[in-house]
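The structure appears right after this line, and notes come after that.
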Amino acid sequence: MLKTLTGQSARQYIHNQLIEEAKFMLSTTRLRVAEVAYRLGFEHPQSFNKLFKSQTHTSPSEFRQSFN
């Protein structure tokens, strides 16, 4: 049903939501990237970094630096 409504699989939808929340946290807080990853439910910050980079073509740190 989600695929019909959004054109995305459940996994894609969840990943997009996680990335949007991560972008918000990275741009509005001073939390370390690892802390953002943990707060979003990632057990390993490396997994978060890999997902973030695959979705945005930039690392979380580079994304944050773009706001400074």
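Quick note: the coordinates plus some simple rules give every number you see, no bench work behind them. Source: prediction; values computed, not measured. Cβ coordinates were reconstructed from backbone atoms using ideal geometry, including for glycine residues, and neighbour counts include every protein chain displayed.
Some points to look at:
- GluC sites (Glu not before Pro) within segment 33-68: DSSP coil, no more than 14 neighbouring Cβ in 10 Å: GLU43
- Cβ charges +1 (Lys, Arg) and -1 (Asp, Glu), total dipole of the chain, debye: 60 debye
- On the principal axes of its alpha-carbon atoms, segment 2-65 has extents of 38, 22, 18 Å, going from largest to smallest.
- Taking a Cβ cut-off of under 14 Å around SER27, the surrounding Lys, Arg, Asp and Glu residues balance to a net charge of 0, with basic ones at +1 and acidic ones at -1.
- Tilt relative to the chain, helix 45-56 - C-alpha long axis, 0 to 90 degrees, to 10: 60 degrees
- Label-point gap, in nm, between GLU21 and TYR38 - each point 7 angstrom along Cα→Cβ: 1.6 nm
- Helix 10-28 and the longest principal axis of the C-alpha atoms of the chain enclose an angle of approximately 30°.
- Proximal charge balance of THR58 [Cβ under 15 Å; K/R count +1, D/E count -1]: +2
- Under 15 Å, Cβ to Cβ, from GLU43 - net charge with Lys/Arg +1 and Asp/Glu -1: +1
- Per DSSP, loop chymotrypsin sites (Phe, Trp or Tyr not before Pro) in the chain with at most 16 further Cβ within 10 Å: PHE67
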